[in-house]
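To start, the structure itself, in structure tokens.
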Amino acid sequence: MDQKCYFHFAAGERNPDQKTYLRDLIFNGMIDSKLINTAIEASLKAGMKILEVYKSDDFDVDFKSDDSPLTKADKLAHGSIMQYLNGTEYPILSEEGVMPEYELRKTWPVYWCVDPLDGTKEFIKKNGEFTVNIALIEGQVPVLGIIYVPVLELLYLGVKDVGAFKLNHVKCDRVDLDFEELKQAGEQLPINYYLDKLVIVGSRSHMTQETTELIDKLVDKYGDSEIISKGSSLKLCMVAEGLANIYPRFAPTMEWDTAAGHAIALAAGLEVTRADGKSPLLYNKQNLSGRKVFRYSIQF
């Protein structure tokens, strides 16, 4: 059995005015390291705000109109990230921010896509499986992804045309942030782990009947298998890292849930698709959520 995991993806059409818009962002075809450093620092400082609440047990839990939980940590992390990214001059789409109308968003050739605290349910459960997600989208494609896991002090980075990396022991109060140094210190993804069975990773909080049925089919086809439940974007990180072969998701999901992990997967040489295994998963669509638009699976 081929243990390599393939994520199918195809880029969307680009706005003809993008070249001018991107000239300050892209230098010799690569994302400016200062921009990367800013995003990394934003993720760590958001992690610091989250941990302050996490350790205090004063979560101040509220519920949004869709019944998803919202805590003090979500709000503080959002505010902290905005302080950093507002200075980059690129628009920001954040789960906890004001949702711009599509007529405005569709004019954005480049923008930030942010989930200040991905895995709020896991945060409330205090199992440590929550992350800070920051992605940069260009032409409907994630080109930069940062996922920080505050409790585990893990940092995942993915940069188009550069690669994907995992760094351990990255404390949220770290100040000596330099992408080039972090890249050298990190492990490049995917890591060549030996998997002697099919490893399937799924959502701890969003398992559906469709997902269960697909997992059953995979187990029937490939025999000896292991199913791992994880919260937040850690699932995408596991596949990008090489710890799992497939992450199927059929429950509705939002763009900020997948963007950073998607960028890391692409930078690791993998691809991401919608649930049919062929259609590309694109961003800045008119509908930011929805089962038909944003469900996706990872094929191996």
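The values are calculated or read from the model by the stated rules, or taken from the named source; none is laboratory data. Note that the structure is a prediction, hence the values are computed from the model and not measured. Using ideal geometry, Cβ is built from the backbone for each residue, glycine included, and neighbour counts are taken over all protein chains shown.
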Check your understanding: Any residue at all in segment 37-53 that is assigned by TED's automatic domain parsing to the domain that holds residue 153, in contact with a strand residue (DSSP E or B) (Cβ under 8 Å, 6 or more places away or on another chain) and modelled with pLDDT under 95?
Key -> no
**Study point:** Residue within segment 265-287 that is at pLDDT 90 or above, among the small types (Gly, Ala, Ser) and either in a helix (DSSP H, G or I) or over 17 Å from the mean Cα position of the chain (by Cα) (or both) present
**Key:** yes
Practice item. Give me the pairs, please: first residue somewhere in segment 179-190 and more than 18 Å from residue 237 (Cα to Cα), second residue anywhere and part of a helix (DSSP H, G or I), beta-carbon distance under 9 Å, and either six or more positions apart or on two chains. Key: 179/33; 179/34; 179/36; 179/37; 179/40; 180/33
Point to revise | Qualifying residues in segment 31-59 (those that are of a type in the set (Ser, Thr, Tyr) and within 27 Å of residue 161 (Cα to Cα)) - the one surrounded by the fewest Cβ atoms within 10 Å (Cβ to Cβ) | key: 33
**Study point:** Exclusive hit being in the same structural domain as residue 148 (by TED's automatic domain parsing) and of a type outside the set (Ser, Thr, Tyr), set 182, 214, 234
**Key:** 182
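One line per residue, one yes/no per condition, for (1) crowded, with 16+ Cβ neighbours inside 10 Å; (2) at pLDDT 90 or above:
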{"residue": "158", "(1), (2)": "yes, yes"}
{"residue": "164", "(1), (2)": "yes, yes"}
{"residue": "179", "(1), (2)": "yes, yes"}
{"residue": "183", "(1), (2)": "yes, yes"}
{"residue": "187", "(1), (2)": "no, yes"}
{"residue": "193", "(1), (2)": "no, no"}
{"residue": "198", "(1), (2)": "yes, no"}
Check your understanding: Which of the residues belonging to segment 83-121 are more than 14 Å from residue 146 (Cβ to Cβ), in a helix (DSSP H, G or I) and touching a strand residue (DSSP E or B) at 6+ places or on another chain (Cβ under 9 Å)?
Key -> 86, 105, 120, 121
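Would you confirm whether any residue within segment 127-135 is surrounded by fewer than 19 Cβ atoms within 10 Å (Cβ to Cβ) and either under 15 Å from the mean Cα position of the chain (by Cα) or over 22 Å from residue 282 (Cβ atoms) (or both)?
Step one: of segment 127-135, the residues surrounded by fewer than 19 Cβ atoms within 10 Å (Cβ to Cβ) are 127-128.
Okay, now just the ones that are also either under 15 Å from the mean Cα position of the chain (by Cα) or over 22 Å from residue 282 (Cβ atoms) (or both), so 127-128.
There is at least one residue in segment 127-135 that is surrounded by fewer than 19 Cβ atoms within 10 Å (Cβ to Cβ) and either under 15 Å from the mean Cα position of the chain (by Cα) or over 22 Å from residue 282 (Cβ atoms) (or both).
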Study note, to complete from the structure: Of 69, 100, the only residue that is touching a helix residue (DSSP H, G or I) at 6+ places or on another chain (Cβ under 7 Å), surrounded by fewer than 18 Cβ atoms within 10 Å (Cβ to Cβ) and not hydrophobic (A, V, I, L, M, F, W, C) is 69
